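Structure first, then comments.
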Amino acid sequence: FAALFESEGQLGVIAGAVVEVKSDAFVSKPYAFSFPSVDEAVAFMDLIREWALTLTSLLYFDQSYMATTAEIQVTRHEKRLAQAVEERDELKTRRERRDLDTARSLRELEHVVVLEFDSREDYERSLRYPIFARGQQLRRYRDVQYRRLPVHQTHMLWEHRYAPVQMKSRGPSMLVSEVVLPLDRFAEYT
């Protein structure tokens, strides 16, 4: 314990590393799902592992994160809508109204999992499973209750992965971080 504090965070030196880099993909197929509880989100992640689907990314957003994200997105799109109306740009106005409605709908979401596939074969494999079927109504698969989110919400959440620092505007005490966890420890962390 003392060695950790006396080292000021430096416990070793990395002399070398081998990193495998995946080729840049030109396919991006995100999916997003909302669950009533973190346990059901974890059960869904277990299904993904059971089915051996190859994802590029899996993101989880809890209820409070979703509420803050919705608030930020609503404010952002209200400003853009006002500007589009002022400029009398009909195309921008329609787009911003749609985006504002989508941002408002984020408030209703609970525990959200966003998946992304970057190869056609991986994404097509996912379509074999009923969870990926079209439709936004509340459904059940085995013991997992879920709702597949519409395309526009999905893309807004997927694009949001580049903007978590927007939350800093909600207060100087907010810290932004990304945590990578093993699935078996996920529920106790949340």
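Quick notes
- Screening Tyr129, Tyr141, Tyr123 for residues that are of a type outside the set (D, E, K, R), closer than 18 Å to Ser37 by Cα and surrounded by 12 or more Cβ atoms within 10 Å (Cβ to Cβ) leaves exactly one candidate, Tyr141.
- For Leu157, the conditions (1) assigned to a loop (DSSP other than H, G, I, E, B); (2) crowded, with 18+ Cβ neighbours inside 10 Å all hold with the exception of (1).
- Selected residue [closer than 18 Å to Ala32 by Cβ, out of contact with any helix residue (DSSP H, G or I) (no Cβ under 7 Å at 6 or more places or on another chain) and open to solvent by less than 50 Å² (accessible area, probe 1.4 Å)] from Ser64, Ser57: Ser57
- Unmet requirement for Arg134, which otherwise passes all of (1) under 29 Å from Leu53 (Cα atoms); (2) modelled with pLDDT of 90 or more: (2)
- Condition check for Gln145: modelled with pLDDT of 90 or more, over 14 Å from Met66 (Cα atoms) and assigned to a helix (DSSP H, G or I): no
The values are calculated or read from the model by the stated rules, or taken from the named source; none is laboratory data. Keep in mind the model is a prediction, meaning the values are calculated, not measured. All Cβ positions, even for glycine, are placed from backbone atoms using ideal geometry, and neighbour counts span all protein chains on display. Accessible surface areas use protein heavy atoms only, side chains included; no ligands, DNA or RNA. Shrake-Rupley method; radii C 1.70, N 1.55, O 1.52, S 1.80 Å.
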